[in-house]
Structures are given as structure tokens and as C-alpha cells.
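Structure first, then comments.
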Amino acid sequence: MSRNDSTDVVVIGSGFGGAIPAYRLAAGGARVEILERGPWLTGDDFDHDFKFGSSSTRAFEFTMGDGMNVLGGNCVGGGSVVYFAAMPRAPRYVFGRRGGIGERMWPRTIDRDALDPWYDMVAESLPITRQDWDDVTYSGGLFAAACSRAGRTANPVPAAIDRDRCTNCNWMMSGCRFDAKRSLLLNYLPAAVVHGARIRPLHEVQRITRTGDGYRVHYNTVDEVDYRVVTGSGTIDCKLVVVAAGAAATPVILQRSEEDLGAMPEAVGRYFSGNGERLNTAVVDEDKVRELLKLDRGDGRAYEAYQIGKGPVCASWDKLDGSLPEFSRYSLEQLYFPPGFGTILAQAPEAAGPTWFGTEKKEMLRRWQSWLTIFIMSEDDNEGVFGPPPETGNADRVSQQMLSRGALSYRPSADTRAAWKRADEDVRDILERDGLARVMPWNDEVIGAYTVHPLASCRIGDDPETSALDDTHELRGHPGIFVTDGSAVPGALTVNPAFTIAALAERAVPGIVAAAGRRGLPVRYVAEPPPSVSSSAWARTADR
Amino acid sequence: MEPKSAILDDREVMTLEAFADTIIPGERRGPHDRAVAGAAAGGGAVASGAIDLMTSEEGGLAGVLPTLAAGLDEHARDWAARRGRTLEDGVPAFAALGFDDRTALAATLMAPGNPERELWVPLAMFSVMAWDTGASQHTTDALAGGHPGLIAMGFTPPGADGLWRFPDFSYRKVLATVHPHTTESGDPA
């Protein structure tokens, strides 16, 4: 089964990078088709369930690489559906980063002041709210108290969460059952649908070719249960393409398109950053929590609350300091990671045998409710490089859902490893004082590094040698193709990047509108925020 | 006797169980249990459904499991021969190894630089997940049925509707000084 359609704009991917341009272009009068590789899940589809085949595997993707493993969303709404909704702005110094290339990574036109109005726009649209100490979960509070005792500061992290609806169930990596998490299913995507945009789930884009006056986007449709099974294919002709398939997929689509479109910029599929991410897991001594930190849940327990909460709520930003040299700046964020992904690589402190499996690991797991996981977001050196694309998609699928093996390779530089080491030592300094906890970084030998925030594999910049996109996000040498997802972010941000990805996507829209105008499309720029809906099922119903 | 698995013979099951038990060890299921070494108290990966998870259609590993089982046994025979261990006849070689040898062999197979680690690491991941997520069954059913891993971890059971809610989630007090450069919106400067 094959079909051929045409439209004005094809948007590849429905996460922050796709949903935002899709809404604004549709609202401005463009015909928009959104192609999303994953399923369209809403409210009741979001299971509290680890079973294979539940939303925890339907909506989530774990792409193994050589030295780097990427975790991300695979559903309508992309990362916004499975993320933890922590939304801090990138600190000012980030925009001046140079990294290993020795020159400014970011375009000179973009700094924090330039991006703040776009951050404001996203903050209003989702919305994002400042959190206070009453919102901070036990685990966040434990980390804050430990930071305070160690002479550090700690901040509740701004979040895109409706506190009145949130049940602190900590299932948010499987999608939010209660529509408390302000994913794109509650704002930009329904607004896009209202303006006539069409969302096509289970449509995996393979490549882009050229037509007389635009582009043709080629996709396969995939089975809703077994994503390895191709059920059909088709094409859509369009004037403009917005590529926002995520930093682990966008460069692969462009690489595969090279045969027809001609040479891609050198930086397509290079300079991948894992946002300098790394995890440490502490096992706390409950008596010391009570004795040293004076914490008590009021029911006889001091902590034992790892399972409770809403992902990361508290962070230490002491090292987000522009006066420090590059590779020594990072945030430390308390985090919850569910069993499975969140336990496999955790290492048993003081183990005489293997640290990540075996008898001592099992003993550590028995104390799971006393775990505290600390997420390091530091500065890596954009070491990731994509090899030749697989036959279809961005990776060879192993399982029906979730597990695949891709062509990304990553060898952390000495600077990156030094940054991780500094941050690891800092975590230990905060948490091991007076026996409060024992801490170990996650094993980085078994599968290499990992990231939940893939970035920079098709980045903006001023230098054509080291950036694939100009500062309007247009792909160099391929006018009319824009990249607006995490792959456009030039490098590690030292904080959670979703807010910055979204702000950059907002900032890119006027340029895309202008490009539409140059191609004779009567599209205007619409600045109004998307209306908010209270049910994630709303857009899917409206689309039908 | 019913075969233990529709797609694996009993020897293959025993080998894969022995591997799973090496990753998250457990107590023996009975006096004649050869796959489970009994190296830890309480049920381990095997009692938590490791074979069900490995053979699940969703997992995608089922087709390669006979090859993996044969590979484990071959490595085990080689391991035993190099160290002068005698392996009991009639028992698959990996299961016939003692627990310490199984552990050391598994560590070797999954070590950086081992050309086969991409085969064994996923098998280990499935073994861990069997214990700490019970992903071969619905989590509510696993908890109701006394799933060894989830119970040992103290995973709190859901409410009556099968969903989790924690109305008490916060110490509800100021626990640290915020960064002095925090902006009005609560962001880093």
C-alpha cells in the first residue's frame, strides 16, 4: 500500500521541535502534515505498568550505540510525553561555550538575553511554573537538606506540571495518566489540530528527495504493536520541511537523503552531545537521615521514599558559575529513574565482586526505597559521530518496541571524563559526609555513556565547518529544510534542555514563515500562545 | 512432563536460568535445582520470570536464545577446561559451573573489549528487569502474586483502581538556601 499526497509543510516529529512550528505555521495559514514515528497515546493509554507492551515500552525508545546510549520519546508529543518536565533556562555562560573546536559554538545572534523572550513564550504556553518547597518531594528534600548541610545551595526546579493534578506517582516516564504533566498533547498539538494540521502517528520518515519546486518526504508506516513490521509506505510533496525527529534520528534521515539531495554539511551526524550526562546512585542510611538532617515523614520513617514523586524536583546549581572554566560547570539534580533503566547500571558501593550484578547488587536493590539518584548535567565535548544509516529508521530494532541498536559512536574526551570525575567527587562530598550515604556512579563500562537529552547532531552555528544549520535553523545548502529539535542545540547546556529546545523552536518560526513567503505560501506569523486543553485525548478526538 | 518453554528445550532453559541466576541470584526452588545456585536469600531473577521475559514475543530475543544458550555452554566448557574443573555429565555446562565461576565467566563475557558483549549484556538486562520490574506480567498482577523482586525492593502496591497516588510526598519545609543568583522565574541566571 502506497499513497502520495501534497501539502505546504511537512513536519517530521511531534516533540518540542516539531509541535511548536506545526502550531504556529498552521495557525498562520499553512497546510501542515506532522509525521510521527510512534503511536498516538493519551490519558488512559498511559499505564502504570512495567509490562512489555504497555506505554512504558510503546512510548519510549532506548537506542544502543557504540559508547553512547540514547533514551527518548517515541510517540505523538515526543519527549514531552515521557520527560520529567524539569524546565530550567540555560545559564548565561552556556551561550559562550567554545568546547574542543576553540571557537564560539553558538551563533553570535543568540545569547540568554536574545532567547529570554522565546523562553517566556514557551513558559506561558505549556505552562511552566516556579516550584516551592511544598512541591518538593521527599527525595528532593533529602538532597536539598544534604546540600545545605554541606554548605551548598539547592533550588526547587521550575516544572511543567499542574500541581493540583499531580499524584506524585512517579510513572511519568510512561506518560502522565492524570494529564498533570503539561506535555505538548495539552497545548501546541491540539492547537495545531484546531488550525487544520494533521498528525499521522506510526509514520516513520525514511528520506527526503527533491521535486521541481520543493521536497518529497518518504515514509513507511509501521505496525502499532511490532514497530519492526512495515505496513505500508508513501510520500508527501511539500514546499518546506521541518525536521524534528530528535537528535538520534534527524541526522540519520538527512544522511539517507544525501543520495538524492546532494552533499550534506559536514556537521550533519557529527558533534553529537549527550549533554554531559551521568548518574550517581546513593544508598542512604535512614538513621543518619534522621540524625544528621533532622528529617522525618511523620510516620516513623525518615525517608524510604525513592518511589514517591515526580522525577527531579531539586537541584544544586552552585557550579553553574560562568567564572569557572569550561568542563568544570555542571548541575546536580535529584532524580527518580524507575526500575529497569534506573537500576541496571547502578553499582553496589564497596562490592567485593561485580558491582552491577550478582549478590551484592541484589542487596543494594533490597534497599531501593532508600536510594537517591543524582543526575549530573555537565559539559561534554560533542564527541558523538553517526555511522552509515541503517536500512530503515534510525536504528535496527531488536525488540518489538523500545530496544534498538543504532550507528552512533561516542568516545568521551579527557575533558569530558575530567568533568564527570569532578562532578562525581562533588556528589560524594555532599552525600557521604558523616556516613549519610554511600555513593557510586553508574557503570560506564557495560554499555558506555548514556543520555536522556541527546543534542547537537545537526547544530546551528556561524561556522559552516562545524555547524549544519545557520542561525535561522535552515540546513546549509538545502534551502527550505529546517531543523528545530535537540539536534540543533550546539552543545551541552549543563541543565535539562527541553526548555531551550522549545525556545529555539519558537525563535526559528519567524524564519520559517519568511521562507514560506519566498515560496509563495501565504503564511503569516502568529504570536498568540496556543490555547490550553485539559485532556490529552482532546486533539486525537478532534483530529478524527 | 510439560516442557518448561514452548521454544526452548529443558537444557536450554536450564542454561539461561543459570545465567539469569548469576545476574540476580536467588534461593533454590527445591533440593534438586541445578540452574539456581542458591547464592542469595529470597527469589532471584529465575523465580521472577526471567525465562518468560526472555522468551516473550515483545522482547525480540526469543529467536536467538537457543544460540545464546549453546554459546554459554561452550564458554563454560572452555572455562572449566582451562581451570581444570570437572563438569557433571548430564547437566548443561554453564549450569554445572559453581556460582563463583559463573559470576567470573559472566563478568568476562560482558567486559569492555569482549567481542560478544553485545550478546550477553541484553540478556543480563532482561535478567535484571525480570527481578526489578517483573515485565513479563502486569505490575499489579506481579505485586498481587508476590513477585520476589518487586516485593524485596519494597515497591509500594497501587490503590484499589490499580494506579499509584502518593498524597503524602513532601517534608513541606524549606530545606536549603536557594542559589543567590536565582531569577524571579526560579531559573539559573
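Being assigned by TED's automatic domain parsing to the domain that holds residue A:463, out of contact with any helix residue (DSSP H, G or I) (no Cβ under 9 Å at 6 or more places or on another chain), at pLDDT 95 or above and part of a loop (DSSP other than H, G, I, E, B) narrows it down to one residue among A:248, A:263; which is it? So that I can check it myself, show each step before the final result.
Details: A:248 fails: out of contact with any helix residue (DSSP H, G or I) (no Cβ under 9 Å at 6 or more places or on another chain).
That would be A:263, the only listed residue that is assigned by TED's automatic domain parsing to the domain that holds residue A:463, out of contact with any helix residue (DSSP H, G or I) (no Cβ under 9 Å at 6 or more places or on another chain), at pLDDT 95 or above and part of a loop (DSSP other than H, G, I, E, B).
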What do you reckon, is residue A:339 within 7 Å of chain B (Cβ to nearest Cβ) and either crowded, with 22+ Cβ neighbours inside 10 Å or of a type in the set (A, V, I, L, M, F, W, C) (or both)?
-> yes
Taking the condition more than 9 Å from chain B (Cβ to nearest Cβ) and assigned to a helix (DSSP H, G or I), does residue A:122 pass?
-> yes
Taking the condition among the aromatic types (Phe, Trp, Tyr) and in contact with a strand residue (DSSP E or B) (Cβ under 7 Å, 6 or more places away or on another chain), does residue A:143 pass?
-> yes
So, in the range A:38-92, of the ones that are basic (Lys, Arg) and in contact (Cβ under 8 Å) with a residue 40 or more places away in the chain, which residue ends up nearest to residue A:119 (Cα to Cα)?
-> A:89
Note on the range B:62-78: residues surrounded by fewer than 21 Cβ atoms within 10 Å (Cβ to Cβ) and either in a loop (DSSP other than H, G, I, E, B) or not basic (Lys, Arg) (or both) are B:62, B:63, B:64, B:66, B:67, B:68, B:70, B:71, B:74, B:75, B:78
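Please enumerate the residues belonging to the range A:132-165 that are part of a loop (DSSP other than H, G, I, E, B) and surrounded by 22 or more Cβ atoms within 10 Å (Cβ to Cβ).
Passing the criteria: A:135, A:136, A:137, A:154, A:157, A:158, A:160.
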So residue A:346 fits all but one of (1) touching a Phe, Trp or Tyr at 6+ places or on another chain (Cβ under 7 Å); (2) in the same structural domain as residue A:254 (by TED's automatic domain parsing); (3) among the hydrophobic types (A, V, I, L, M, F, W, C); what number is the exception?
-> (2)
Six or more apart or on different chains, Cβ under 7 Å: which pairs go from a residue in the range B:143-171 that's more than 7 Å from chain A (Cβ to nearest Cβ) to one that's of a type in the set (Phe, Trp, Tyr) and in a loop (DSSP other than H, G, I, E, B)? Could you list them?
-> B:143/B:155
Pairs returned, first residue in the range A:349-372 that is assigned by TED's automatic domain parsing to the domain that holds residue A:442, second residue that is modelled with pLDDT under 95 and basic (Lys, Arg), beta-carbon separation under 9 angstrom, 6 or more apart or interchain, are none
Scope the range A:195-247; condition of a type in the set (Val, Ile, Thr) and under 25 Å from the mean Cα position of the chain (by Cα); matching residues = A:199, A:205, A:208, A:217, A:221, A:222, A:225, A:241, A:242, A:243
Criterion violated by residue A:180 - all others in (1) without any contact (Cβ under 8 Å) to a residue 12 or more places away in the chain; (2) crowded, with 21+ Cβ neighbours inside 10 Å satisfied | (1)
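The values are calculated or read from the model by the stated rules, or taken from the named source; none is laboratory data. Computed from a predicted structure; not experimentally measured. Here the Cβ is made from the backbone with ideal geometry for all residues, glycine too, and neighbour counts use every protein chain on show.
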